[in-house]
1. Which of the three applies to the stretch 237-395, rounded, prolate or oblate, going by the alpha-carbon gyration tensor with a ≥ b ≥ c and a/c under 1.5 meaning rounded?
2. Suppose R0 equals 22 Å. What FRET efficiency, 1/(1 + (r/R0)^6) with r the Cβ-Cβ distance, do Asp709 and Ala770 give to the nearest 0.05?
3. Given a Förster distance of 51 angstrom, what is the FRET efficiency for Asn574 paired with Ile806, based on the Cβ-Cβ distance and rounded to 0.05?
4. Rounded to the nearest 500, what is the 222 nm mean residue ellipticity of the chain from helices alone, with -39500 (n - 2.57) per DSSP H run of 4+ residues and division by all residues?
5. Note the full-extension length gain between Arg62 and Asp670 as 0.36 nm times their separation in residues minus their Cα-Cα distance, in nm to one decimal.
6. A 26 angstrom limit on the alpha carbon distance is what I want to check against. Which of Lys376/Lys507; Lys78/Lys603; Lys537/Lys564 exceed it?
7. Round to a whole angstrom and tell me the spacing of the C-alpha centers of the stretch 682-721 and the stretch 295-310.
8. Could you name the lysines in cross-link range of Lys729, using Cα to Cα under 22 Å and dropping any fewer than eight places away on the same chain?
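The values are calculated or read from the model by the stated rules, or taken from the named source; none is laboratory data. As the structure is a prediction and not an experimental result, all values here were calculated from the model. When we count neighbours, we look across all protein chains shown, and the Cβ atoms used for this are built from the backbone with ideal geometry, even at glycine. To get the accessible areas, we keep the full protein, side chains included, count just its heavy atoms, and leave off ligands, DNA and RNA. Shrake-Rupley method; radii C 1.70, N 1.55, O 1.52, S 1.80 Å.
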Amino acid sequence: MFYFRTVSVTPPLPERIKRLRELSRNLWFSWHKPAREIFRDINPELWERVGHNPVKLLLQVRQDDLARLAADAEYLRKYDAVMNEFDRYMNGEKWFHRLHYRYNNRVIAYFSAEFGLHESCPIYSGGLGVLAGDHAKSASDLGLPLVGVGLMYRHGYFNQRINRDGWQEALYPDLNFNEMPVSPVVGESGLETTVAVEYPGRTVFARVWEVKVGLTRIFLLDADLPLNLEEDRKITDQLYGGGRENRIAQEILLGVGGVRALNALGIVPSVWHINEGHAAFLTLERFREMVSAGIPASTAREAIRSNTVFTTHTPVPAGHDVFDRHTAEKYLRELCRDTGMNCEAFIKPGWDAQRNEFNMTLLAMRMSGYCNGVSKLHGEVSRHMFHRFYPGVPVEEVPITSVTNGVHAGSWIAEAWKKVLDRHLGPGWNEPAGAAQALSRLEGVPDREIWITHNRLKQNMVLFVREKLQEQMRRHREAPEALGEASNALLPDALTIGFCRRFATYKRATLIFRDPERLASILNDPDRPVQIIFAGKAHPADRAGMELIREILDYSRQEPFRGKVVFLEDYDINVARHLVHGVDLWLNTPIWPMEASGTSGMKAAMNGVLHCSVLDGWWPEAYNGRNGFSIGGPGDMQFKRPEQDREDTRNLYRVLEEQVVPLFYERGDDMPTRWVAMMRESILTAIAHFSTARMVSEYTEQLYIPAIDRGIAFTESGYEAAEQVGRFKQFMQENWHHVRVDRVATNGRWNMEVGDELAVESVVRLGPIAPDKVTVEIAFGSDRGGYLDRLATRPMDLLEPVGEGIYRFAGRLPLDQGTYGYTVRVRPNLKAVDAVFETPLVRWADSF
Ligand SMILES: *Cc1c(COP(=O)(O)O)cnc(C)c1O
């Protein structure tokens, strides 16, 4: 092999339409149909062949086609309209500019191992990536000054092929970055921007690419440079590919290289958002920078915590990266060298002493002042998961909040629906402000229009599926009869269920086959036929996930499921888009409570595709009995496998047989009016509450802005506040063993009346800790036999010292009807931080 560089040469664009190039390199086109149309119109057949990738299209288009269009009045009218809209979008005043203009010049850096933006940029594997992509798009829509940081994978994530035996095969596309909507970042010198990161015994260099997503810029690091050792060029080979060492090597490039790339670009973030633990090394790089500049370690740690946000995305253990001590030290020793610290101390924030391993989630949590899960339920599940790091703290007070995920409405709502909504609701239905009012006008959309719109999309989807199936069969050299069968697969009017997502085992793709006979009788009712479309990739190392695919393939080829159960290859954003637009019902059967959020159901729901799900992830927040279906109720959730499988299957069949099928086939006035009413309610719920417009506005107001403010407060005047907080915490850690609640006295009788007040007095020993450095409070809640539910607190006041380091406190608790439990507790009072348990220190009264 010899080295060569590539250069792409495109036909010159005629002057009149020369901005097509700029447009092709801004993914704004991906959620603006007219923008896609001016590319498609250049050569519709080529547009399909290049997979809707305008950059590739412009590379291959014939000069004649361009010349012809540059003189075509109709085309030019469209072109001008698109460019006008693009300019208006890029320059217009947006939500953030209006409401939060004080922060206009601040930057939020959003680090993620994957970004799912468009099928032309396959650097995502599933929900996490698509969420990051949707976050970036909504940040742009809202005018939020956010930049993304990620990795550019030479072979992306794999393309899925199913072989004749039903096994998944992984094909790694050889991505040609010159043909993708990305550009190398070029510095003032005209040279490409590169960063250098120390690895064991060598330095790795990475080039920086930029993807434009409306106003949002995403920077992607790529280690495939001739400057690097052959093995290092493979660091960014595949998303989630390779072994443990490659994983840590990637994560170092993302975290450490990412911080350095922003430095090189002159971008100084005010907030750092770690989107899932993969990116947590950014905290150690910032730590290294500060400590090697002479800032004390504890000050640096507080400064970093003050403006770092961490979002955890899954309760599934495999989703949390851990490394053994040897691997962690081997790679992080390089980073810690500049700090003069010993390596053990340097890696300590990520060290899980109970399990003897280095944990990326733990690192992220300990270095972030703001942690959140991705649905209310997942917030709760995460507080339980990480409770072990907060001994003595009630589980509901573990400092992990939640911001429920959403999806980018502009990208996921079908054009046909956008037209309906624009027509009946007017503008504003897709904005954080004013959406509620606009959406109330959904009531006025006639049933028939809803039903017809959906059925057009459904016909489209059926054609798309048939096409894909035929392609699969041609490749397998199936007999012509089979091909014929594929061209007629699926009944265009039958109730169609979609089950499409990654084939992780906890998602239980085959749950619906647990009783094949019962399923067969549901699908094969001649008057009320039902069919199911499956799609999804299993991680290539996940044998069990691939087994599930094979099992479904097996069923799909046999009677009585043949033609009624189909599996579509290569689930990606394009396939997802067709299916969430066109099926009738979206099925979701995870093992409760493993689905942290689940976002495909939101995409479906926005298009009037009714969600039918276990009450997991986002669904308990959304389900109201009128906007979709619940598999089992919340009360059914105490089961553990295998009981849970059996219970959920029974409930699944029941909901299909008793609710879904009868409702769908109940035809009054030629259409299922009650079903259509549910569609309307589904669209309303999803757009109002599960869009990334809502999500990003919540991140902004609940996390980013407080983090900007705290970051400023902690670092101004030479890091004074950070230093004080660091000292405070250390002092508390060292002296907390002195703290005791010695005595609790009350005026309490066992029965009191509404309106009475309970007076509580307590003697507290603090040793060398000053009484104003702690909060002493009455903690109370409903007595649920052994623990206090809905715990709340009332502060107590210092009355007087009663000895050396001993103080008397008093407080009052007004009483409402009910049975209460109450006690007294002491915790550090850190005024600079709102979180109650910024440090996991607390002392409760012993029995009194
Ligand atoms: C939305 C989406 C997902 C996430 O689906 P879940 O319901 O969260 O499992 C995965 N892959 C693709 C291609 C998507 O568009």
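1. Here the stretch 237-395 falls in the rounded category.
2. Efficiency, from the Cβ-Cβ distance: 0.25.
3. On the way: r = 70 Å, r/R0 = 1.37.
The computed FRET efficiency comes out at 0.15.
4. Rounded to the nearest 500, the figure is -11500 deg cm²/dmol.
5. Length difference between fully extended and current span is 213.9 nm.
6. Lys78/Lys603
7. Cα centres, the stretch 682-721 to the stretch 295-310: 18 Å.
8. Lys348, Lys773, Lys831
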